[in-house]
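A short write-up of the structure that comes next.
The values are calculated or read from the model by the stated rules, or taken from the named source; none is laboratory data. Note that the structure is predicted; figures quoted are calculated from it, not measured. Here the Cβ is made from the backbone with ideal geometry for all residues, glycine too, and neighbour counts use every protein chain on show.
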Amino acid sequence: MGSKERIQRIKEETRANILEASLEIVKEDGWQALSMRKIADKIEYTAPIIYEYFANKEGILLELTRKGNGILLQELKDAKARFENPEKQLEAMWIAYWDFAFKHTQLYQLMFGVDMSCCDMIKSLPEAEAARKIIWENIIEIMENDQPDEDNVCRKYYTFWSIIHGLISINLTRKGTNDEMNQHILKDAIHGIIKTIND
């Protein structure tokens, strides 16, 4: 391996270490505790080295948001690929969305501003748009009309998102019910909305 490749590899590893340390700090102390100084202490670097990779904390938050949306998109694709029936695909994707929120809680909180001050810097990352689009297109596929009304598609998407995101938020802030009850509520909500798609 040449020196250029070695330097590039070291840079990529350092960048990954900064992001990993950031998530560890958040898991231990919450998003409010994240600072450039804490990240530097965690990975035993000086703060100026962290600034070589990220201009500020918002840069780290943006990169973690991008990472979270990339993971979510892949999990939605994997869930959809398990079924051929569009209704089953839609159900599987919303359950994958739910599972992502509890498997990657800190990323979900950052991506959707749950129990924290949401950073306003990201309006539309390509990864976030792709995750929305895969569900949006599945709703269109279920609709019987060849040329569905975009307002109706939008309404159904946001009905799903509002209910599922709301249920996740309730549980992330520790005000929800037990897991078995949550799964019943989640599936009832998904099935109920799917039944209204062609209404």
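What tally of residues in region 138-184 results from selecting those that are under 22 Å from the mean Cα position of the chain (by Cα) and either within 25 Å of GLN109 (Cα to Cα) or exposed (fewer than 13 other Cβ atoms within 10 Å of the Cβ) (or both)? Matching residues across region 138-184 total 26. If you check LEU72, LEU64 for being touching a residue at least 24 places away in the same chain (Cβ under 8 Å), buried (at least 16 other Cβ atoms within 10 Å of the Cβ) and farther than 30 Å from THR196 by Cα, only one passes: LEU64. Within region 49-61, the set of residues being free of Cβ contacts under 8 Å to residues at least 12 places away in the same chain and closer than 30 Å to GLU137 by Cβ is empty. Taken as a whole, the condition of being modelled with pLDDT of 95 or more, surrounded by fewer than 14 Cβ atoms within 10 Å (Cβ to Cβ) and farther than 26 Å from ILE168 by Cα applies to GLU84. Selection of region 185-199 for residues being surrounded by fewer than 16 Cβ atoms within 10 Å (Cβ to Cβ) and assigned to a loop (DSSP other than H, G, I, E, B) yields ASN198, ASP199. Pairs linking a residue in region 175-198 that is among the aliphatic types (A, V, I, L, M) to a residue that is surrounded by fewer than 11 Cβ atoms within 10 Å (Cβ to Cβ), with Cβ atoms under 9 Å and 6 or more positions apart or on different chains, are ILE197/GLU144.
Close contacts from region 23-48, counting a first residue that is under 24 Å from LYS103 (Cα atoms) and a second that is assigned to a helix (DSSP H, G or I) and of a type in the set (Ser, Thr, Tyr), with Cβ to Cβ under 7 Å and a gap of 6+ residues or different chains, come to LEU34/SER22; ILE39/SER22.
Within region 92-113, residues that are in the same structural domain as ALA79 (by TED's automatic domain parsing) sit with their Cβ atoms under 8 Å from residues that are part of a loop (DSSP other than H, G, I, E, B) and among the aromatic types (Phe, Trp, Tyr), at 6+ positions apart or across chains, in these pairs: ALA92/PHE83. Within region 109-132, identify whether any single residue is surrounded by fewer than 14 Cβ atoms within 10 Å (Cβ to Cβ), at pLDDT 90 or above and not hydroxyl-bearing (Ser, Thr, Tyr), and answer yes or no. No, region 109-132 has no match at all. The residue of region 34-49 that is modelled with the lowest pLDDT, among those that are of a type in the set (Val, Ile, Thr) and closer than 19 Å to GLN106 by Cβ, is ILE43.
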